[in-house]
Amino acid sequence: MNTEEIARIVGDQRAYFKTHATFDVDARRRALVSLRDAVRAHEADIAHALKTDLGKSHDEAYMCEIGTSLSEIRHQIAHVARWSRPRLRPCDLANAVSVCKTQAVPYGVTLIMAPWNYPFLLTLEPLAGALAAGNTVVIKPSAYAPASSAVLKQICEEAFDPCLVTVVEGGRAENEALLDECWDKIFFTGSVSVGKLVMERASKNLTPVTLELGGKSPCIVDATANLKVAARRIAFGKWLNVGQTCVAPDYLLVDTRVHDELLGLIKEEVRRMFGEHPLDNEDCGHIVNAKHFARVRGLIDPDKVVLGGTARESSLKIEPTLIETTLNDQSPLMTEEIFGPLLPIVPYDNIHEALGYILSRPRPLALYLFSRNRKLQRRVVETIPFGGGCINDTISHITTPYLPFGGTGDSGMGAYHGRCGYETFTHAKSILSKPFRPDLPVRYPPLTGKLDLLHKILR
């Protein structure tokens, strides 16, 4: 799609938004229902696209993308009317006779730039929030997931007028053309490096942005943890979508006292989940493309592998792999986000050492702690900066619409899901309504002699 076509799409959506058609709450709900029905109707197409792009099984596709997206859409449908009402706020003494309220209003013409690793989930969830909030939306799927992109386009063409929602397919040229436009809101999910570029381009028009990025998310296991349960939940979170998950555990910090036992249990879980020959398991996904396959395979040091390590270029598959390393490791394995099925195992002798290591690094998108120690749980939550996470689990914090999801520092800015997703795509307009009477003279010049009264009112 060329620059002129993209400019026309944005212009058409801006003209449509100015009609205020999206301000009607019933219209928003109808749009969400259309989206829900279209996703349901295309379940088989979505599953097939995810199998093509990422090797996902239908079961995993439904659990992690289709069903989770439908849950978010259903939540927005159920609550959009209540969220759209004005919210009364307290008034201070100086405005005692006034009514204070906030009114959530849509930003306008918005851009959602989606990633390839969860191409439906990470498109449909912000889309639901944007529609509930009353915006128009241009969606830019990733070119790395072309089958998913095509199905997304089909779904949106069937469900919406292009003046409300349009999908722009393509690669870098289309991304550049889209970022050249003036948007009222940009929602981006992807890498830190590209997120910085998006923010730089948005700054030229002072466009507000939400950036859902990544980073190296640590997982801590101390000596008090239920190791069997921890092993199962770590294996699930790490190797879901072949490790191509922004909140997957990126490295495992484990107390030396339980290191060997936990390692053995994780090995058992890998064999149970993926079989003795994961590369031959049809339900195991693959790395998205040859470029990323080569990058991930290049992180494997055969001398440090304690499980897996085998890669098959013809199918772009890499086994679930455990790699023993140390806190002193400065290789790309421990300095770059892995985004693949490799899990470094890092023993620690005391928890202060482990927490100090995390604090010395950029803020992660997620953090996971397996421990029965309530004091340690509080310490980690209160003192370690990270976007969100779990105690005694992985991944689950992103699956509920009642918890906001977002990063901090290098892992992003802003959040969404549920009401937070609605608010991400709205501006809270503050309104103070005051009657004509009484009209107290205290605030009007001349102010001489009114200081004592002002002291009583304004303090």
| said: Contact order normalised by length for region 108-176, with contacts defined as Cα pairs under 8 Å and 6 or more residues apart; what percent is it? | reply: 33 percent
| remark: Distance in nm between ALA21 and ASP303 label points, each 7 Å along Cα→Cβ, equals 6.6 nm
| said: Using the Kirkwood formula on the Cα atoms of region 218-406, what hydrodynamic radius do you get, in angstrom to one decimal? | reply: 16.7 Å
| query | Hey, fewest Cβ within 10 Å first, where do ASP222, ASP26 land in order? | reply | ASP26, ASP222
| message | To make sure I understand, if each residue's beta carbon is the centre and we count other beta carbons within 10 Å, what order do CYS420, CYS219, CYS182 fall in, fewest to most? | response | CYS182, CYS420, CYS219
| request: Scan region 315-352 for GluC sites (Glu not before Pro) in coil per DSSP, keeping those whose Cβ has at most 16 other Cβ atoms within 10 Å, and list them by number. | output: GLU336
| field | Rounded to 5, the percent of DSSP beta bridges in region 77-148 classed as antiparallel | value | 40 percent
| query | Got a sec? How would TYR416, TYR144 order by Cβ neighbour count within 10 Å, fewest to most? | reply | TYR144, TYR416
| query | Rounded if a/c is under 1.5, else prolate if a/b is larger than b/c, else oblate: which is the chain, with a ≥ b ≥ c the root eigenvalues of its Cα gyration tensor? | reply | oblate
| task | Would you work out the relative contact order for region 218-406, in percent, from Cα pairs under 8 angstrom that are 6 or more residues apart? | result | 28 percent
| field | Dipole of the chain, positive direction: furthest Cα of PRO441, THR166, THR399, with charges on the beta-carbon | value | PRO441
| task | Would you calculate a helix-derived [θ] at 222 nm for the chain, using -39,500 (n - 2.57) for each DSSP H run of n ≥ 4 and dividing by the full residue count, to the nearest 500? | result | -12500 deg cm²/dmol
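Throughout, read-outs are computed from the coordinates displayed, never taken from laboratory work. Bear in mind the structure is a predicted one, so any value in this text is a computation, not a measurement. Cβ coordinates were reconstructed from backbone atoms using ideal geometry, including for glycine residues, and neighbour counts include every protein chain displayed.
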